[in-house]
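Colleague: Attaching a single structure in structure tokens format; questions to follow.
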Ligand SMILES: Nc1ncnc2c1ncn2[C@@H]1O[C@H](COP(=O)(O)OP(=O)(O)OP(=O)(O)O)[C@@H](O)[C@H]1O
């Protein structure tokens, strides 16, 4: 029998061999390139571009063009990589290492390069970006925040510009023309969030030239790919519009739950992040709201508000899950430690937190467009990524994105020492130990980066350090204005930096003079995160490029993760060892291992959530693609839309006639209803009567109505004698009908998704329920769109001034 592990090892050996081979070819050009003058090196860009154009020009259709393109890119890879490499040496003063060439080859191949933290992924990307940008079809370099987009575009942009390529940065809320220019560049830097929103917004415009992405989604290279493709993929991107007012119930429910007593009236489930009332609590609710029976009242709105108020008050913690800033409740992204601007918890939970914090309660918005990151990135022709931490999520990346994770060896041996975790019985003992170590290291002058789990604990630690007279900087979501400066100083002699996991990713901490001799950067963490990848990113701030450094995690039995998972087992070990004094510490691989198995369980849960989100979005995806394609057809039409509009009219007529002529005998038919419909939707009321329909069969009625509609169309055509005006009018009518009903549909689906879980009781599979209902609703929506488009067009009064 084949040994699966053996096979994996063989596979990765084979891959590395192939990559080494490519690196040999690239390196073989090194001398030739370094002998070229600047002008000669720069001339390589148009040379490659012509070669690509020639290869693609021979192909006769789109499929063949795509194939020809990827073939020619593979052919010129060694030379083009060598050009970018020599360019980097001259422009940036950095000469890509062999392992970086290998990483770039992985990216070009549409896979995920796992390169240890600090190995220089930014420089690695340049070779793959240069090669793929030569085709002029666009390369999107995707980063986790605007700061990194701007920084990388600025720094690496020097190289690309020098090589004759254009670079654009697509920042947050730039005006449309700036965004369009950024997307039209050969290389575009952007966050995933901005690309997602631009994509959705582009599908809400009314004119082709309003779109900001004028080209399709060609090649995306994703930095910190695990963060983007995995962590952010748990929540879909939603564009929402104004909703329908704020319910008074938020404030009342909040006042009520604040009267409750823990464990008596309610019980908190930390793991599921929910809180349930006990019978005691339910009784109190009935008294408070003056009801006989809270649940029998059929008042699901009230119970829903109470549920959300419970979660808001007891599961969501200020300065941990969110911060209150400028009178608003802002969520903190738990994997990046940054504020997620613009995102709100759904289903009234955000409003419940606003009530809890006493800030203005904002309206519940209506969802108008949505997509998951999974489905967004799967639309790219080629997708690639790089990160220091992906191997743990290899299966998911393969299954969902069709990417292999390929681990690239480090350039130099890693010198960083990762010590086993230290576990303390209480939070207090833990912090004492942390501070003691900080003081020791600080006395020597060794720079220290301290990672904390929340804004709250970063502030707590800062207070303790202040009391001990240890000078330090704090970097968290509330205090991020000086981010670049704090990071630039963090590796200097004597620096102490307290940070949330904001500093855990993408930050490059350079060691100051004399710091290597002191042992490099010390990374100390005061707790472990849910995900091992986040912990490893934090460790990776030390020991970059073969630097000295170490990492040490401090845990206590009172930590969140410990309470939620696994603390019981560890407590048993603890008791068996008979260690209950305050200052005891366990330093044991066993502890590290059981913490890691708790993390694995959480990661598994999170994977299930993401799969679930994706399964639901897949239902919407087909509908979304269909609607967007329809919209594109309408928007891009340049002559007349009668070929779209008239079939809509015909289907509308058929639907109504079929519905009103269900009976076998014509005597049972509702001819009067058909006449009312025709008078309201198709023609003037006087142009149709029951008498005209009598004696006709079903098809006869349909034909008669269709003829009337066609006649009406011709009349309108006569009134709007300029075909361009007619086209414009048709566009407006169709797009308005689509957008109105499509956004209603999206909003309804969103609510359905949130509500369908509740139906799990009746032994129905919620996903199948959702699929069925989504399908039925979609068909109804199409009928509504066509009905509305028909009515608006046919009943429109065209006045003289329209012709002016
Ligand atoms: N070929 C090279 N020669 C010299 N220095 C290099 C080279 N490549 C990268 N570096 C330096 O290594 C440091 C780390 O690079 P970078 O920040 O891109 O790492 P990274 O892999 O993105 O790390 P992380 O995973 O933590 O984000 C930078 O200071 C960069 O200038």
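The values are calculated or read from the model by the stated rules, or taken from the named source; none is laboratory data. Note that the structure is predicted; figures quoted are calculated from it, not measured. Note that each Cβ is placed from the backbone with ideal geometry, even for glycine, and that neighbours are counted across all protein chains shown.
Colleague: Is at least one residue of the range 189-198 modelled with pLDDT of 90 or more and in a loop (DSSP other than H, G, I, E, B)?
Modeller: No: the range 189-198 contains no residue that is modelled with pLDDT of 90 or more and in a loop (DSSP other than H, G, I, E, B).
Colleague: Can I ask one more? Within the range 281-289, identify whether any single residue is in contact with a helix residue (DSSP H, G or I) (Cβ under 6 Å, 6 or more places away or on another chain), modelled with pLDDT of 85 or more and away from the ligand (no atom under 16 Å from the Cβ), and answer yes or no.
Modeller: Yes, there is a match, as at least one residue in the range 281-289 is in contact with a helix residue (DSSP H, G or I) (Cβ under 6 Å, 6 or more places away or on another chain), modelled with pLDDT of 85 or more and away from the ligand (no atom under 16 Å from the Cβ).
Colleague: With respect to residue 523, determine if the residue is under 17 Å from residue 493 (Cα atoms) and crowded, with 23+ Cβ neighbours inside 10 Å.
Modeller: Taking the combined requirement at face value, the residue satisfies it.
Colleague: Quickly run through the range 21-43 and pick out the residues that are surrounded by 14 or more Cβ atoms within 10 Å (Cβ to Cβ) and under 24 Å from residue 99 (Cβ atoms).
Modeller: 22, 23, 25, 26, 27, 29, 30, 33, 34, 41 - these are the residues of the range 21-43 that are surrounded by 14 or more Cβ atoms within 10 Å (Cβ to Cβ) and under 24 Å from residue 99 (Cβ atoms).
Colleague: What number goes with the only condition from (1) in contact with a strand residue (DSSP E or B) (Cβ under 6 Å, 6 or more places away or on another chain); (2) at positive phi; (3) surrounded by fewer than 22 Cβ atoms within 10 Å (Cβ to Cβ) that residue 263 does not pass?
Modeller: (1)
Colleague: With respect to residue 539, is the statement that it is within 15 Å of the ligand (Cβ to nearest atom), within 30 Å of residue 230 (Cα to Cα), crowded, with 17+ Cβ neighbours inside 10 Å and modelled with pLDDT under 90 true?
Modeller: no
Colleague: Here is a follow-up. Can you tell me how many residues in the range 522-533 are under 22 Å from residue 223 (Cβ atoms) and at pLDDT 90 or above?
Modeller: Here the count works out to 1.
Colleague: Let me ask something additional. So residue 718 fits all but one of (1) free of Cβ contacts under 8 Å to residues at least 12 places away in the same chain; (2) within 30 Å of residue 672 (Cα to Cα); what number is the exception?
Modeller: (2)
Colleague: State whether the residues of the range 317-329 include one that is farther than 13 Å from residue 251 by Cα, without any contact (Cβ under 8 Å) to a residue 40 or more places away in the chain and crowded, with 20+ Cβ neighbours inside 10 Å.
Modeller: So far as the range 317-329 goes, yes, one or more of its residues are farther than 13 Å from residue 251 by Cα, without any contact (Cβ under 8 Å) to a residue 40 or more places away in the chain and crowded, with 20+ Cβ neighbours inside 10 Å.
Colleague: Something else: Is at least one residue of the range 7-30 within 16 Å of the ligand (Cβ to nearest atom), under 22 Å from residue 139 (Cα atoms) and touching a strand residue (DSSP E or B) at 6+ places or on another chain (Cβ under 7 Å)?
Modeller: No: the range 7-30 contains no residue that is within 16 Å of the ligand (Cβ to nearest atom), under 22 Å from residue 139 (Cα atoms) and touching a strand residue (DSSP E or B) at 6+ places or on another chain (Cβ under 7 Å).
Colleague: Now, a different point. Tell me which strands (runs of 3 or more DSSP E) are completely within the range 273-356 and hold 3 or more residues being touching a strand residue (DSSP E or B) at 6+ places or on another chain (Cβ under 7 Å) and closer than 18 Å to residue 476 by Cβ, or say none if there are none.
Modeller: By residue number, 322-325, 328-331.
Colleague: Which condition does residue 230 not pass, out of (1) over 30 Å from residue 634 (Cα atoms); (2) surrounded by 17 or more Cβ atoms within 10 Å (Cβ to Cβ); (3) in contact with a strand residue (DSSP E or B) (Cβ under 6 Å, 6 or more places away or on another chain), if it passes all the others?
Modeller: Residue 230 satisfies every listed condition except (3).
Colleague: Of the numbered conditions (1) in contact with a helix residue (DSSP H, G or I) (Cβ under 9 Å, 6 or more places away or on another chain); (2) at pLDDT 85 or above; (3) under 28 Å from residue 768 (Cβ atoms), residue 625 satisfies every one except a single condition; which is it?
Modeller: It fails just one condition, (1).
Colleague: Additional query: Mind listing whichever residues of the range 193-224 are closer than 28 Å to residue 104 by Cα and either within 16 Å of the ligand (Cβ to nearest atom) or without any contact (Cβ under 8 Å) to a residue 24 or more places away in the chain (or both)?
Modeller: 221, 222, 223, 224
Colleague: Sort out which residues of the range 371-409 are more than 16 Å from the ligand (Cβ to nearest atom), more than 18 Å from the chain's Cα centre (by Cα) and part of a loop (DSSP other than H, G, I, E, B), and write them in order of number.
Modeller: 381, 404
Colleague: Among the helices (runs of 4 or more DSSP H) lying completely within the range 81-187, list those that include at least 3 residues that are within 14 Å of the ligand (Cβ to nearest atom) and farther than 22 Å from residue 199 by Cα.
Modeller: Output list reads 98-108, 121-133, 146-162.
Colleague: Follow-up question, since we're still on this one. What number of residues in the range 635-646 are assigned to a helix (DSSP H, G or I) and under 19 Å from residue 720 (Cα atoms)?
Modeller: Matching residues across the range 635-646 total 5.
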